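First up is the structure itself, then whatever we jot down about it.
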Amino acid sequence: MSYEQFAYTYDRLMESMPYEDWQRFLLESFERFGVKPSTLVDLGCGTGTLSIPLARLGYQVTGIDLSEDMLAVAEHKASELMSGGRAGSVRWLQQDVCEWELEEPVDAAYSFCDTLNYVLEKEEIAEAFRQTYAGLKPGGLFVFDVHTPEQLFAYAEAQPFYLNEEDVAYIWTSELDEERVQITHDLTIFVKAEGKSEMFRRIDETHEQRAYPLAWLEQTLRKAGFSEVHMAADFTWETPTLLTERAFFIAKK
């Protein structure tokens, strides 16, 4: 997966995503499971759209992402948005979410916006869970979401997708490997060139995601050492069903 060109139009295309709901769910998780964190890790932080508001609430946040370009956008946004909040902080590290490591363990880690669906091998998922367990303090919480297998089948059935607005447009097609439940998204994006009203820049991107059985993810979290594992559906605290599009996991060390 490459976000090198995509990083600079990412926020424009993602502005309708439910970032406030992700933040609400994370804060509710802290309350429900008796965690009062001060240090957080955002695994797959992208352009920092979740990291920065949490830092403004007073948390000490480390945003981790593999994309140097995403982190560059995040750093620029933080420099503009961090003033006026509480006494929190945010820093950015370029690391693989499957191999992340900090100097000291943290109180909580989270990974939203189906980041872990981009991890395409079961062994790498297991390693990400082990690394996260090792990176948490005793009693620490790991909260993440994933697209369900049913959701990837739904994407494949509903594609292609289109967007046509004045400043940006895209064509998005998808192809599903049903055996692996792995989907390939091919996007052709057209972004209006700055200062040139009739000029558009073309960006071609390919992204791959894989969905894993929820029971297997729960089992793998427990094998990594997590003593409690809970599941929830679509930003609620209901149990996931076959209609669930986005499953949430809350795992406690």
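Could you check how many residues of region 32-49 are surrounded by 23 or more Cβ atoms within 10 Å (Cβ to Cβ) and among the basic types (Lys, Arg)?
Of the residues in region 32-49, 0 are surrounded by 23 or more Cβ atoms within 10 Å (Cβ to Cβ) and among the basic types (Lys, Arg).
Any residue at all in region 205-213 that is over 16 Å from Val119 (Cβ atoms), surrounded by 16 or more Cβ atoms within 10 Å (Cβ to Cβ) and modelled with pLDDT under 95?
yes
Could you give me the residue pairs with C-beta distances under 8 Å whose first residue belongs to region 19-38 and is in contact (Cβ under 8 Å) with a residue 40 or more places away in the chain, whose second residue is polar (S, T, N, Q) and part of a helix (DSSP H, G or I) wherever it lies, and which are 6+ apart or on separate chains?
Pairs that qualify, where the first residue is in contact (Cβ under 8 Å) with a residue 40 or more places away in the chain and the partner is polar (S, T, N, Q) and part of a helix (DSSP H, G or I), are Val35/Ser29.
Checking Arg180 against (1) under 13 Å from Leu217 (Cβ atoms); (2) out of contact with any helix residue (DSSP H, G or I) (no Cβ under 9 Å at 6 or more places or on another chain): exactly one of these is not met. Which one?
Arg180 satisfies all of (1) under 13 Å from Leu217 (Cβ atoms); (2) out of contact with any helix residue (DSSP H, G or I) (no Cβ under 9 Å at 6 or more places or on another chain) except (1).
Among the residues of region 74-87, are any farther than 21 Å from Phe235 by Cβ and at pLDDT 95 or above?
No, every residue in region 74-87 fails to be farther than 21 Å from Phe235 by Cβ and at pLDDT 95 or above.
Using beta carbons and a limit of 8 Å, which pairs, at least six apart or on different chains, have the first residue in region 155-173 and in contact (Cβ under 8 Å) with a residue 40 or more places away in the chain and the second one surrounded by 14 or more Cβ atoms within 10 Å (Cβ to Cβ) and part of a helix (DSSP H, G or I)?
Leu163/Leu13; Val168/Thr9; Val168/Leu13; Tyr170/Leu13
Scan Glu99, Glu123 and give me the residue that is without any contact (Cβ under 8 Å) to a residue 12 or more places away in the chain, surrounded by fewer than 18 Cβ atoms within 10 Å (Cβ to Cβ) and within 30 Å of Val181 (Cα to Cα).
Going through Glu99, Glu123 in turn, the sole match is Glu123.
Quick one: what pairs do we get from region 185-209, first residue closer than 30 Å to Pro149 by Cβ, second at pLDDT 85 or above and among the acidic types (Asp, Glu), C-beta under 7 Å, 6+ apart or different chains?
Partner pairs satisfying both residue conditions: Leu187/Glu205; Thr188/Asp204; Ile189/Glu205; Thr206/Asp186; Gln209/Asp114.
Quick check on my filter: what residues within region 132-143 are outside any strand (DSSP E or B) and not hydroxyl-bearing (Ser, Thr, Tyr)? Spell out how you get there, then give the answer.
Taking region 132-143 as the starting set, the residues that turn out to be outside any strand (DSSP E or B) are 132-135.
Listed by number, the residues that qualify are Ala134, Gly135.
Just checking, how many residues over region 200-230 are part of a strand (DSSP E or B), out of contact with any helix residue (DSSP H, G or I) (no Cβ under 6 Å at 6 or more places or on another chain) and among the aliphatic types (A, V, I, L, M)?
Total satisfying the criteria: 1.
Would you pick out the residues in region 64-109 that are part of a strand (DSSP E or B) and hydrophobic (A, V, I, L, M, F, W, C)?
Result: Ile64, Val90, Trp92, Leu93, Val106, Ala108, Ala109.
What number of residues in region 144-189 are open to solvent by 20 Å² or more (accessible area, probe 1.4 Å) and outside any strand (DSSP E or B)?
Of the residues in region 144-189, 18 are open to solvent by 20 Å² or more (accessible area, probe 1.4 Å) and outside any strand (DSSP E or B).
Conditions: (1) open to solvent by 70 Å² or more (accessible area, probe 1.4 Å); (2) farther than 23 Å from Ala128 by Cα; (3) touching a residue at least 60 places away in the same chain (Cβ under 8 Å); (4) not acidic (Asp, Glu). Thr244 meets all but one. Number of the miss?
(1)
Rundown of residues vs (1) open to solvent by 20 Å² or more (accessible area, probe 1.4 Å); (2) over 23 Å from Ala128 (Cβ atoms), yes/no style:
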site: Ser51; (1), (2): no, no
site: Leu57; (1), (2): yes, yes
site: Leu66; (1), (2): yes, no
site: Val73; (1), (2): yes, yes
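Assuming Ser38 fulfils every condition listed in (1) over 25 Å from Ala233 (Cβ atoms); (2) touching a helix residue (DSSP H, G or I) at 6+ places or on another chain (Cβ under 8 Å) apart from one, which condition is it?
(2)
The values are calculated or read from the model by the stated rules, or taken from the named source; none is laboratory data. In this text the structure is predicted, and so the values were computed from the model without any measurement. Counting neighbours? That spans all protein chains shown, and the Cβs are built from the backbone with ideal geometry, glycine included. To get the accessible areas, we keep the full protein, side chains included, count just its heavy atoms, and leave off ligands, DNA and RNA. Shrake-Rupley method; radii C 1.70, N 1.55, O 1.52, S 1.80 Å.
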